[in-house]
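K.L.:
The structure under discussion is supplied below as structure tokens; questions concerning it will follow.
Since every read-out is calculated from the coordinates, none of them should be taken as a lab result. Bear in mind that the values here come from a model prediction, so they are computed numbers and not experimental data. So basically every Cβ, Gly included, is an ideal-geometry build from the backbone, and we count neighbours across all protein chains shown.
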Amino acid sequence: MKRDGTLTSIRSLRDEEEQVLAEHNLKSERLLSVLRLVLQVLRTAAFMGVAAATGYFSAPQLSLRPFLAFFYVLVCLITVFRVRQVKASVFGSKVAPLVLITVDYLFILSMALTPTDIDEGPQSSLIAIFCLMLLGFAALRLRRMHVIQSAVLSYGVYGVVLLHERAAGVRVSLVQVAFVFSTFAVMTVLVLQLSSRVREMFQTLRTRDNLRRFLPKQVADRVEANNMRALDPVKREVTVLFSDIRDFTASSETMDPQMVMRFLDDYFGRMSQVVQARGGTVGKFIGDGMLCYWGVPEEDAEHAEHAVQAALDMRQAVEQLNLERAHQGLEPVRIGVGVHTGPVAAGELGGKGEGLHEYTVIGDSVNLASRIEGLTKVHGVDLLVSDETWKRLGARFLGQPCGEEKVKGRSEPVRIHAVTGRVVASGSALT
């Protein structure tokens, strides 16, 4: 398997992240469209009020500014309605803001280059304020291209207005120009940093959430710190645990579906805590069964000991569960657990895009753990381990051999052992 052969929801969430970012950008554009319209309406109303008070509209020659303002208000209205009709798309989230940013800057440039008799003083200061406001708009878009475009247009529009004023004989303050340019630079860096930090936080939270769905917290933290290299496909010796609830399929047929789901949710929650507390990975739930493993994605020299101890902890957790059920007048729960140590192929499956993704183990060792669990019913015990697992436990656990059993898929019989308890010996990896 090639390292980059499969893009997964954990190591490579690019497609899904882009779609989520597109949805965020669409919400941002909806907000910005309203803000843009409100600001322009207020600006136009202020201009109209001052113009009416000064008799501007009775002058024989009118500026193009009222027509430009009217046209821009129309554009703002169309944008408000349009962004509420479209659906989020990655392409649209990249291209549409580029167009809107360009229109915004062209408008303020055209307004600055068409002065009226009611203007007082140079327009460059007002243009600088508008450019900073548009740079602030870019912060909501979270894409570097939009921030950079806004920054470039801010410099360009402000520079053109300065040249226009200087050509008209207006004195330009070099200190003011330097301050505005420096402010643009600082604002651009701040917005870029904000966008980068928000996206980084978003990716970190998604990665952490996905990891902790099937890894213990401490293992997930180490995997994340190692840049996900621990999730690369490997072939490794691990210990696999398979557990199942006895006779649950038959009894669940007479139970209310909501009651079944509530019970399984509670049961799997308890068992998952037990497994993860011993450094194991909860691979998947299969009906009322549970597949767990130790040794991947992180290596564990004592994976057999940790797995068997987790099985004993599961036994105690079921005993506690049955005490609670007895107080409620419910039947006790019985489980069977099979454990086997052997080689597996471990890695991520699910393809790219919006498919289902999971980190899993595949191989004969997984199937054998399931077969051994099935043998618990035959021998009347709740925990059986293979001879391969038992040999790695040394003298740290109590149990007795149960002979050899023929299992499906294997030509040779499998030697199994029933584990009854634990003897804490010196040098044990268990804490």
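K.L.:
If you take all C-alpha pairs in region 216-422, what percent of them are over 28 Å apart?
P.N.:
The calculated P(r) of region 216-422 puts 29 percent of pairs beyond 28 Å.
K.L.:
What's the ranking of 35-42, 287-294 by average number of surrounding C-beta atoms within 10 Å, highest first?
P.N.:
So the peptides 35-42, 287-294, ranked by packing, come out 287-294, 35-42.
K.L.:
Show me 146-152, 129-135, 306-312, 81-87 ranked by packing, highest mean number of other Cβ atoms within 10 Å first.
P.N.:
The most tightly packed comes first, giving 306-312, 146-152, 129-135, 81-87.
K.L.:
Okay, moving on. Take the cross-link list K235/K377; K284/K377; K235/K284; K284/K408; K377/K408; K87/K284 and give me the ones stretching past 24 Å between alpha-carbons.
P.N.:
K235/K377; K87/K284
K.L.:
Same structure again: Expressed in nm to one decimal, what extension gain is obtained for the pair I148 and L323 from 0.36 nm per residue of sequence separation less their Cα-Cα distance?
P.N.:
Answer, rounded to one decimal: 56.6 nm.
K.L.:
Can you compute the radius of gyration and Dmax for region 252-350, using only the Cα atoms, both in Å?
P.N.:
15.1, 45
K.L.:
When you count, for each residue, the other Cβ atoms within 10 Å and take the mean per peptide, how do 274-285, 371-382 rank with the highest first?
P.N.:
Ranked from most to least packed, the peptides come out as 274-285, 371-382.
K.L.:
Hey, how much of the P(r) for region 14-211 falls beyond 24 Å, as a percent of Cα pairs?
P.N.:
48
K.L.:
Would you mind getting me the FRET efficiency between A167 and D232? Use the beta-carbon distance for r and R0 = 45 Å, nearest 0.05.
P.N.:
Efficiency at R0 = 45 Å is approximately 0.10.
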